[in-house]
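The values are calculated or read from the model by the stated rules, or taken from the named source; none is laboratory data. These numbers were taken from a predicted model, which means no experiment stands behind them. We place every Cβ from the backbone using ideal geometry, glycine too, and count neighbours over all the protein chains shown.
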Amino acid sequence: MPPKFKFSKKEIVDSAFKLVRFKGWDMLSARSLANELGSSSKPIYSYFKSMEELEETIAKKGVDLLYEYMIRERTDDPWHNHGIGYVMFAQKEKRLFRALNDEKHIKYYGKYGEIIWETLTASLPDYPPFQGLSGEQVYQIQLQRWLLCHGLAFKVSNPLPDGVWDDEMVSTVIQQGSTAILKGLKIEFFSNRL
């Protein structure tokens, strides 16, 4: 009969996530996690084949938290809410945002981020500003707007000492930038049809 461990897989993931969220990937090891749990590392390896498997689970949990930020209602425009939420995640979860985007873990961020992209895009089938646009055109608008959001997200997750971005400022920049991208690309799309 296999040994029974006093920690569940969820407890291990939650403890590991907390370490990464507040201290970064460098603080996560089987030993540091075992210390956090007050245990040996044996329970960790009973649930995960490797630390890399655990890291992917943590990255998915981080992207799930990002999704929660992106679907939170902040304005009456769901598309703007997606962008504002993305940047606010980076602003409020600085260390986690940077951890998810580091060289080693960005592959997981991309993998699970793609699911968010598809889910949020599918949530806007009747979004009035996208009416009359092809799927490719909507994709181009979404891509340009993501570049704006991602750039601003890096800015707010690595602020200069005198560079303070509050929620209102983030909201204003994303709404103005999103509107400019949408209007500008629509003009380009429709002028190319002539």
Exactly one of Gly62, Gly83 is in contact with a Ser or Thr (Cβ under 8 Å, 6 or more places away or on another chain) and not in a loop (DSSP other than H, G, I, E, B), and that one is Gly83
Here the qualifying pairs (Cβ atoms under 8 Å; residues six or more apart or on different chains; first in segment 173-194 and in contact (Cβ under 8 Å) with a residue 12 or more places away in the chain and within 30 Å of Val156 (Cβ to Cβ); second of a type in the set (Asp, Glu) and not in a helix (DSSP H, G or I)) come out as Gln175/Asp77
Apart from one, (1) within 15 Å of Leu152 (Cβ to Cβ); (2) of a type in the set (Ser, Thr, Tyr); (3) not in a helix (DSSP H, G or I) all hold for Thr75; the odd one out is (1)
Checking Gly85, Gly110, Gly132 in turn, the sole residue that is without any contact (Cβ under 8 Å) to a residue 40 or more places away in the chain and in contact with a Lys or Arg (Cβ under 7 Å, 6 or more places away or on another chain) turns out to be Gly85
* Does segment 129-137 include one or more residues that are farther than 26 Å from Phe22 by Cα, touching a Phe, Trp or Tyr at 6+ places or on another chain (Cβ under 9 Å), surrounded by fewer than 15 Cβ atoms within 10 Å (Cβ to Cβ) and of a type outside the set (Ser, Thr, Tyr)? -> yes
- [ ] Determine if segment 59-74 includes at least one residue that is assigned by TED's automatic domain parsing to the domain that holds Leu160, loosely packed, with under 13 Cβ neighbours inside 10 Å and over 10 Å from the mean Cα position of the chain (by Cα).
- [x] yes
